[in-house]
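One structure is given here, and the rest of the page talks about it.
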Amino acid sequence: MSENTPITVAYGDGIGPEIMQATLDIIQAAGAKLDIEVIEIGEKVYGRGIAEGIEPSAWTSLLRTKVFLKAPITTPQGGGFKSLNVATRKTLGLYANIRPCVSYAPYIQTKHPVMDVVIMRENEEDLYAGIEYRQTDQVMQGLKLISSPGSEKIIRYAFEYAKANGRKKVTCFMKDNIMKFTDGLFHKIFDQVGEEYPDIEKESWIVDIGAAKLATSPESFDVVVMENLYGDILSDVTAQMTGSVGLAGSANIGDKCAMFEAIHGSAPRRAGQNAANPSGLLLGAVLMLAHINQSEVATKVHNAWLKTLEDGVNTYDIFREGVSKEKVGTKEFAQAVIARLGQKPTTLKPVEYHDFEVKMQPHYDYRTIKKAKKDLVGVDVFLHWTEGTAEELGNKLKNIAVDGLKLTAITNRGVKVYPGGMKETFCVDHWRCRFQVDSGTTTHEKLIAQLDKFRAEGYDFIKTENLYTFDGENGFTA
Ligand code: NAD
């Protein structure tokens with residue numbers, strides 16, 4: 001049997017084929033043991049009318065090798081096309097997006113010469129579930145979904161990554177002062193999982209001030225874990241802070257599969273000129289080598305690349321008069337890295353990778369977790385309504401409450417407007433009307449009867465949200 005690791009490779013569009021060839025040349029010269037299967041993705045596949053830009057047959061290769069090294073593709077303009085990245089992430093269950101952001105001063109100009117941060121972004125949940133609705137003339141809704149297993153997976157991955165890579169600290173960014181349930185859950189799980197890693201320093205920041213701190217003193221951060229949206233934004237900010245987004249690679253990791261890539265796009269205007277910098281994809285491939293337990297090769301490639309940077313051998317995008325020594329093309333850059341395999345940088349810090357495979361051993365198994373006692377205690381009925389003031393609406397609705405339920409509040413965009421609202425509050429056409437039990441619990445039949453009252457009175461109810469308690473604790477915000 002071959003001791004090579006099978007991987008799936010896609011050459012992509014634009015500069016993709018050139019930087020992929022350079023990357024494969026370097027890692028193979030360094031001794032990577034790979035069986036490469038090539039699949040086609042991107043422009044040509046979209047052109048054949050396949051909405052996701054990937055042939056159904058390509059999934060067979062991905063599901064067999066479970067490791068995907070992907071060059072950038074050109075995303076077609078216009079409707080009807082789906083994002084290949086989203087399709088890959090969702091189909092392969094890639095829940096963790098890892099983006100190391102490192103400064104290479106003085107060789108790459110940056111305002112932050114001391115910076116070595118790894119952004120860990122949750123990749124499947126949050127507002128990116130894509131569950132969105134238009135509910136009224138004036139209001140659109142997007143659902144933010146945060147689950148305990150989803151949070152635990154990324155947070156545990158962040159701690160395991162820190163442990164395996166000699167990182168000292170894991171920081172959590174969230175906004176649980178406002179989003180008490182969703183971000184509150186993420187924070188709570190961070191604290192719980194963190195207890196299992198006594199040797200790693202832990203800290204949490206509200207994302208706004210945390211981001212400000214990250215942007216001004218990145219040297220005080222190490223591994224930073226966060227939900228999808230915060231991570232999407234801050235991983236780009238952090239990569240840009242190193243001086244060049246063009247140098248960053250990223251890994252998308254799932255329980256069974258993983259995908260590795262550069263973070264930049266296909267730079268179509270540079271295609272076919274032997275000009276593009278292969279460094280981002282190369283560093284993506286280095287993450288892949290560590291992932292498939294070829295960390296010695298990963299270390300060798302990364303150090304040779306750092307030495308090449310130090311020696312001032314640069315592609316056009318990072319070439320600087322007076323600092324750089326030699327301007328080279330894609331192929332020549334690859335040759336320069338190959339020539340330095342086995343060498344280490346002298347000014348920049350050398351790297352060392354360790355074989356690393358996260359074995360998910362959940363702190364609690366969410367499938368067998370003890371179910372809470374869940375009681376139905378009311379319902380929020382959302383209305384599309386424009387016929388008057390909050391006071392008028394409240395006075396009408398309090399009379400249509402069914403036996404056992406009582407109108408306790410009306411809010412508009414989360415602000416309580418009845419009872420006791422202020423006439424200054426600006427209201428849109430989207431009202432949340434809360435009906436709760438006085439005591440005890442209620443039933444689905446009661447809620448249906450309540451909705452039927454709304455129907456009979458001609459109200460346009462656009463959504464309902466049941467109110468539950470879990471072991472006596474409210475499962476809804478006040
Ligand atoms: P881009 O990253 O391709 O290019 C931005 C700028 O950076 C351009 O000036 C480009 O010449 C330069 N650049 C990028 N990578 C470089 C490299 N390796 N070496 C030298 N210079 C480099 O972003 P864009 O122009 O906004 O997008 C181009 C296409 O790529 C679009 O179709 C976009 O949708 C797609 N894209 C794909 C991915 C992906 O596949 N993961 C990611 C981002 C963008």
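The values are calculated or read from the model by the stated rules, or taken from the named source; none is laboratory data. No experiment lies behind these values; they were computed from the predicted model shown. Positions of Cβ are backbone-derived with ideal geometry, glycine not excepted, and every protein chain shown enters the neighbour counts. Accessible surface areas use protein heavy atoms only, side chains included; no ligands, DNA or RNA. Shrake-Rupley method; radii C 1.70, N 1.55, O 1.52, S 1.80 Å.
Computed as a quarter of the hull surface, the mean projected area of the alpha carbon convex hull for segment 374-474 stands at 6.2 nm².
Of the chymotrypsin sites (Phe, Trp or Tyr not before Pro) found in segment 365-432, those in coil by DSSP whose Cβ has at most 14 other Cβ atoms within 10 Å are Tyr366, Phe426. Note on segment 11-67 and segment 414-478: Cα centroid distance 51 Å, given to the nearest whole angstrom. Surface composition of segment 179-300: carbon plus sulfur atoms contribute 54% of the solvent-accessible area (1.4 Å probe, protein chains only, all chains present). One compactness figure for segment 223-314 is 1.17, namely its Cα radius of gyration divided by 2.2 N^0.38 Å. Under a 5 Å amide H cut-off, with hydrogens placed 1.01 Å from N, Gly265 pairs with nothing among residues at least 5 apart or on other chains. For Lys307, the lysines whose Cα falls under 21 Å of its own Cα, not counting residues fewer than eight places away in the same chain, are Lys325, Lys327, Lys331, Lys344, Lys349.
Amide H contacts under 5 Å for Phe68: Thr8, Ala258, Met259, Phe260, restricted to partners 5 or more places along the chain or on a different chain, H placed in the peptide plane at 1.01 Å from N.
A simple rule links phi to the HN-Hα coupling: the Karplus curve 6.51 cos²θ - 1.76 cosθ + 1.60 with θ = phi - 60°, which for segment 426-435 gives 6, 10, 9, 8, 10, 10, 9, 10, 9, 10 Hz, with x for Gly and Pro. Put one equal scatterer on each alpha carbon of segment 59-181, apply the Debye formula with no solvent term, and list log10 I(q)/I(0) at q = 0.11, 0.14, 0.15, 0.16 1/Å to two decimals. Cα-only, vacuum Debye calculation for segment 59-181: -0.60, -0.94, -1.04, -1.13. Helix-only arithmetic for the chain: the sum of -39500 (n - 2.57) across DSSP H runs with n ≥ 4, divided by the residue total, places the mean residue ellipticity at 222 nm at -10000 deg cm²/dmol. Taking all protein chains into account, the per residue accessible area for segment 374-474 stands at 56 Å² (1.4 Å probe). Computed over the Cα atoms of segment 266-399, the ratio of the radius of gyration to the Kirkwood radius (Rg/Rh) comes to 1.43. Taking one quarter of the surface of the convex hull spanned by the alpha-carbon atoms of the chain gives a direction-averaged projected area of 27.2 nm².
Listed by chain and number, the lysines whose C-alpha is less than 24 Å from the C-alpha of Lys396, apart from same-chain residues fewer than 8 away, are Lys406, Lys416, Lys423, Lys446, Lys453, Lys463. Here the Karplus relation 6.51 cos²θ - 1.76 cosθ + 1.60, evaluated at θ = phi - 60°, turns the backbone of segment 59-64 into coupling constants of 4, 4, 5, 4, 6, 7 Hz, with x for every Gly and Pro.
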